[in-house]
1. Test of understanding: what is the full-extension gain from SER195 to HIS100, defined as 0.36 nm times their sequence separation minus their Cα-Cα distance?
2. Once the piece of chain linking PHE66 and ALA93 is laid out straight, how much longer is it, given 0.36 nm per residue of separation minus the C-alpha distance between them?
3. Work out from phi, with θ = phi - 60° and the Karplus expression 6.51 cos²θ - 1.76 cosθ + 1.60, the ³J(HN,Hα) of each residue of the range 190-198, listed in order in whole Hz, and give x for Gly and Pro.
4. At a 10 Å Cβ-Cβ cut-off, how would you order TRP113, TRP152, fewest neighbours first?
5. Whole-Hz ³J(HN,Hα) for each residue in the range 48-54, computed from phi via Karplus 6.51 cos²θ - 1.76 cosθ + 1.60 with θ = phi - 60°, x for glycine and proline: what do you get?
6. Per DSSP H run of n ≥ 4, the term is -39500 (n - 2.57); total these for the chain, divide by its residue number, and report the mean residue ellipticity at 222 nm rounded to 500 deg cm²/dmol.
7. With labels modelled as points extended 7 Å from the Cα through the Cβ direction, what inter-label distance (nm, one decimal) is found for LEU10 paired with THR109?
8. Can you match Rg and Dmax of the Cα atoms in Å to one of these, [x] 16.5, 51; [y] 51.5, 186; [z] 16.2, 59, based on a calculation from the structure here?
Amino acid sequence: MPEPATPRELILNPRTTALVLIDLQKRIVAMPTAPRPSADVVAVGVKLADRCRALGIPVVLTNVDFRPDGKDRLAVPVDIPMMGPAVPLPDGAAYVPELHAGPGDILVTKHQWGAFYGTDLDLQLRRRGIDTILLGGIATNFGVESTGRFAWELNYRVIFVEDAMASVAAEAHQFAVSTIFPRIGRVRTSAEVLSALS
């Protein structure tokens, strides 16, 4: 019988785990991010996705997009509206090519920060027997946090891959990673996740 895991040790079952990467799409990756550049987040995401695909672990890629008429955008009054990059990209919703999004991946288009509301993500995960989510992407305290909170409420085990995410400011990233995420999941590095998958 295996020894019980220590609080820091990460044990993953590939049959019940999925990788969910939030908004690694051209429009989002083009924005400046902190505490690391988006290119670093993409590189870590690619490494995780390649390892997961090799093990038969589902890879979920989400993007955010809207109809040309904008009728599916949230339109409630807010003090600070969300802004995109200064120069809109015509194919901004497309996943960055480094991800090699393929027919084996689960592709989820959302219309707000979180990847569960209004999508079939929960159905896709549950019908595959998934109970654990490896979570990363951009932005830490928007799409990643919103998805992580909803996943926790749906009783998924959430592992936040800290070096696979970034935000609009280092302070915003750090607050989510140190204050919110440890209360709804476990925060680990990609090296720890890859080691648990080896």
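A short reminder: the numbers here are calculations on the coordinates, not readings from a lab. Treat the numbers as computed from the prediction; the structure is a model and nothing was measured. Note that we place each Cβ from the backbone using ideal geometry, even for glycine, and neighbour counts take in every protein chain shown.
1. Stretched fully, the SER195-HIS100 segment lengthens by 31.9 nm.
2. Contour length minus Cα-Cα distance gives 8.8 nm.
3. 5, 5, 5, 5, 5, 5, 5, 8, 7
4. Ordered by Cβ neighbours within 10 Å, fewest first: TRP152, TRP113.
5. 5, 4, 4, 5, 5, 4, 4
6. The per-residue figure over the chain is -7000 deg cm²/dmol.
7. Roughly 3.1 nm, to one decimal.
8. Read-out taken from this structure: [z].
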